[in-house]
Amino acid sequence: MDTISFAAAGISVSVDLRIGHIADLTIRTDGRELKPLHRAPWIDEPEAALPDSLPQGTRWLSGDFLCAPFSASDVEPAPLHGWPANSRWHPVESAAIPGGWRARLRLEKTVMGATVEKILTLRDGHPFLYQEHAFIGGAGELPAAHHPMTVMKTGGRIAYSPKRLALTPGASLEPDPARGRYVLAYPAKTTDLTAFPRTDGGVYDLTRYPADGAAEDFIVLVEADHAGPGWTAVARAAESDLFLVLKNPAELPVTMLWISNGGRDYAPWNGRHRGVLGIEDGRTAVGHAASLGDNTLKALGVPTSFSLRSGGAVTFRHVLGGLPLQSGSDAPRDVATEPDLLRASFPDGRTASVPFDGAFLDGVG
């Protein structure tokens, strides 16, 4: 079995068990089907058409997945983003619960000696996938992140919970112009998300997608101190929907944006990976070794790894969801949660409220 699927009223999920990616999230509401997650264009192509060196997580790139570590696996040998993103997961249980469905999966391999579990919960009438990951046992420091990706045919608008700072690492993803291109300055930083420095001396608006032509870029947003969850909201123009990603900032203090809009010219990307935005909430720097050593985020007081412990467990939670929007709607100015609902408030004064498990991100329930 390569896929497991399950559902609750108004929502369904499929997981690619080969690599643990959330292959599909479908939300049914107001007579519509919302499918906010991305699926790589080469997934259905034959193996012979793809590079032999391609990591399995890139070969079957889709939806959302766990990175442990995030980026380079240069402490314990593993592919890019670690074994959770590149190797098989096994269903432990998948069954109805009162008012919904819950599935628990276990990674075939261990990470730093830890058993890794993925707990996915759907609730009737909630347009959200509630995710929890657990590292059971093990030893050492481990950076980790989620890697949800959405895609926009004609772009969209993006809003965020308050951020303290936005910064790029020391080098771009594609420094060789024969292989790709980028537009952001590296390294650079700003507190104004509408005016991040570009390599040409201009500024890039991180609240619009795309803000420029073909490019491959990566930027880190550091959460500010504020009440409530951390969140990112993407109003997809052509799709007329709102993709929502929520976290507990105490667990996942950074949000990393992967802007992938035709900026890679080599296989399997071939300039066709367009309109994709990764919203990668984590506790990490870029790479395992970098996360353990001195880094810019640590200097700002931001933790960049979890401490595994023998006989104990490290867990963190994350939420993905979506709402229908009217064509051309803007991103919300605010997203707030209460015990039983989530409310998005828009610049034109409208609000949208939907059922939400307000205790979930606090580790309750």
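The values are calculated or read from the model by the stated rules, or taken from the named source; none is laboratory data. These numbers were taken from a predicted model, which means no experiment stands behind them. Using ideal geometry, Cβ is built from the backbone for each residue, glycine included, and neighbour counts are taken over all protein chains shown.
Name the single residue that is farthest from Glu223 (Cα to Cα) among those in segment 303-313 being surrounded by 15 or more Cβ atoms within 10 Å (Cβ to Cβ) and more than 19 Å from the chain's Cα centre (by Cα).
Taking the candidates together, the pick is Arg309.
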Pick from segment 272-288, criterion of a type in the set (A, V, I, L, M, F, W, C) and farther than 15 Å from Gly170 by Cα, ranking: surrounded by the fewest Cβ atoms within 10 Å (Cβ to Cβ): Val276
Close pairs from segment 12-32: first under 13 Å from Asp241 (Cβ atoms), partner aliphatic (A, V, I, L, M) and not in a loop (DSSP other than H, G, I, E, B), Cβ under 6 Å, at least 6 apart: Leu25/Val13; Leu25/Leu37; Leu25/Leu129; Ile27/Ile11; Ile27/Leu34
Qualifying residues in segment 53-103 (those that are assigned to a loop (DSSP other than H, G, I, E, B) and of a type in the set (Asp, Glu)) - the one nearest to Ser172 (Cα to Cα): Asp74
All positions within segment 174-195 that are within 21 Å of the chain's Cα centre (by Cα) and of a type in the set (A, V, I, L, M, F, W, C): Leu184, Leu193
Residue pairs meeting the criteria (Cβ under 8 Å; at least 6 apart or on separate chains; first closer than 16 Å to Pro229 by Cα, in segment 342-365; second in a loop (DSSP other than H, G, I, E, B) and of a type in the set (Gly, Ala, Ser)): Leu342/Gly358; Pro355/Gly125; Asp357/Gly365; Ala359/Gly365
One residue from Ala214, Ala144, Ala171 being farther than 30 Å from Arg32 by Cα and surrounded by 20 or more Cβ atoms within 10 Å (Cβ to Cβ): Ala144
Filter result for the condition that a residue is surrounded by fewer than 18 Cβ atoms within 10 Å (Cβ to Cβ) and not acidic (Asp, Glu), over Thr110, Thr121: Thr110
Residue ID - farthest from His273 (Cα to Cα), chosen from residues in segment 15-68 that are under 20 Å from the mean Cα position of the chain (by Cα) and among the β-branched types (Val, Ile, Thr): Ile27
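Does segment 184-205 contain any residue that is out of contact with any strand residue (DSSP E or B) (no Cβ under 7 Å at 6 or more places or on another chain), of a type in the set (A, V, I, L, M, F, W, C) and exposed (fewer than 15 other Cβ atoms within 10 Å of the Cβ)?
no
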Meets criteria (more than 19 Å from Arg317 (Cα to Cα), in contact with a helix residue (DSSP H, G or I) (Cβ under 8 Å, 6 or more places away or on another chain) and surrounded by 16 or more Cβ atoms within 10 Å (Cβ to Cβ)) for Ala68: no
Any chance Ala139 is under 21 Å from Leu107 (Cβ atoms), modelled with pLDDT of 95 or more and of a type in the set (Gly, Ala, Ser): yes
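For segment 138-158, which residues satisfy the criterion of being in a loop (DSSP other than H, G, I, E, B) and either over 26 Å from Asn86 (Cβ atoms) or touching a Pro at 6+ places or on another chain (Cβ under 7 Å) (or both)?
Correct list: Pro143, Met152, Lys153, Thr154, Gly155.
For segment 1-12, give me the residue count where each residue is assigned to a loop (DSSP other than H, G, I, E, B) and either within 22 Å of Ala68 (Cβ to Cβ) or within 18 Å of the chain's Cα centre (by Cα) (or both). So that I can check it myself, show each step before the final result.
Start the filter on segment 1-12 by keeping residues that are assigned to a loop (DSSP other than H, G, I, E, B), which leaves 1-2, 9-10.
This time we only want the ones that are either within 22 Å of Ala68 (Cβ to Cβ) or within 18 Å of the chain's Cα centre (by Cα) (or both), so: 2.
Result for segment 1-12: 1.
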Scope segment 13-38; condition surrounded by fewer than 18 Cβ atoms within 10 Å (Cβ to Cβ) and either in a strand (DSSP E or B) or small (Gly, Ala, Ser) (or both); matching residues: Asp24, Thr26, Arg28, Thr29, Gly31, Arg32, Glu33
Filter result (acidic (Asp, Glu) and under 20 Å from the mean Cα position of the chain (by Cα)) within segment 328-365: Asp334, Asp357, Asp362
Residue tally, condition over 30 Å from Asp241 (Cβ atoms), of a type in the set (Lys, Arg) and in a loop (DSSP other than H, G, I, E, B), over segment 159-200: 1
Options Gly262, Gly271, Gly293, Gly278; residue that is among the small types (Gly, Ala, Ser), without any contact (Cβ under 8 Å) to a residue 60 or more places away in the chain and under 26 Å from Ser327 (Cβ atoms): Gly262
Subset of segment 315-365 (residues that are among the small types (Gly, Ala, Ser), exposed (fewer than 13 other Cβ atoms within 10 Å of the Cβ) and modelled with pLDDT of 95 or more): Ala359
Segment 336-364: number of residues that are touching a Pro at 6+ places or on another chain (Cβ under 9 Å), of a type in the set (Ser, Thr, Tyr) and closer than 19 Å to Leu320 by Cβ: 1
